[in-house]
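A short worksheet on the structure shown next.
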Amino acid sequence: VNSLQSQLPNPDLKPELLKEAEAGVEGRFLDNSLTLDLSFYRRIASNQILNRFLDPSTGYTFQQINAGTVRNKGIEMALGYDVIRGKKWKWHLDGLWSLNRSNVSDLPSYITRINTSGYSNQGTFAMNGQPLGVIMGSYIQRDPKTGQRLVGVDGNYVAANDIGIIGDPNPKYKLTGISELSYKAFSFRMQ
């Protein structure tokens, strides 16, 4: 079977770039019973490789291009404490807290959003000015003055004719607790 290639080659395609800066402090206190690790970071991923869809009359359906930047900045903190530290028994607690904020920018005007998972018009997307992975889907219309959801004559909420941002799956922060209890060579770890 003979077929034509559907991708138009791009001789100007560059590799994606990732720049990262991180600074932090680490400390041990109370005879190494208490540990602290605190770091701040900033990551910029630029020259993302994206598909630009083409009119099939060109003989191709898409071309890979460089566009889009994703900026992440955040804080990570780990705090550990030896509750019991004996010859046979040891009980250690760790608390991990992290915060990350992302923002998408530099998408060209002809690419308004990029589907990162889901279907063609509903799922998670990358869009200029939004966090990476915002959820888009059908939503209920609201009264512009009161903000109340509109109810139709049939008693059901009135759905909008288009899709919009209905959520952000990125957590405000992450918090994890870890407990490890050891007796001689045996240990039990719980998260």
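The values are calculated or read from the model by the stated rules, or taken from the named source; none is laboratory data. Predicted model, so just to flag it, every value in this text is computed and none were measured. Neighbour counts run over all protein chains shown; Cβ positions are idealised from the backbone, glycine included. Each accessible area value is taken on the protein alone, full model and side chains, heavy atoms only, with ligands, DNA and RNA left out. Shrake-Rupley method; radii C 1.70, N 1.55, O 1.52, S 1.80 Å.
The figures follow:
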| read-out | value |
| --- | --- |
| Cut-off 15 Å between beta-carbons: net charge of the residues surrounding residue 70, Lys and Arg +1, Asp and Glu -1 | +3 |
| Size of the stretch 109-152 as Cα extents on the principal axes (Å, biggest first) | 32, 21, 19 |
| Candidates 148, 130, 64: whichever shows maximal mean-square fluctuation once the chain is modelled as a Gaussian network with Cα springs under 10 Å | 148 |
| Per residue Cα convex hull volume in Å³ - calculated over the stretch 1-108 | 180 Å³ |
| Whole-percent carbon and sulfur share, accessible surface of the stretch 41-127, 1.4 Å | 55 percent |
| Links that overshoot a 31 Å alpha carbon limit, given the list 90/174; 145/172; 145/174 | 145/174 |
| The stretch 50-151 - charge dipole about Cα centre, Lys and Arg +1 at Cβ, Asp and Glu -1, debye rounded to 20 | 480 debye |
| Å² per residue, accessible surface of the stretch 27-106 at 1.4 Å | 62 Å² |
| Cα-based equivalent ellipsoid, the chain: semi-axes from gyration tensor eigenvalues, Å | 46, 28, 17 |
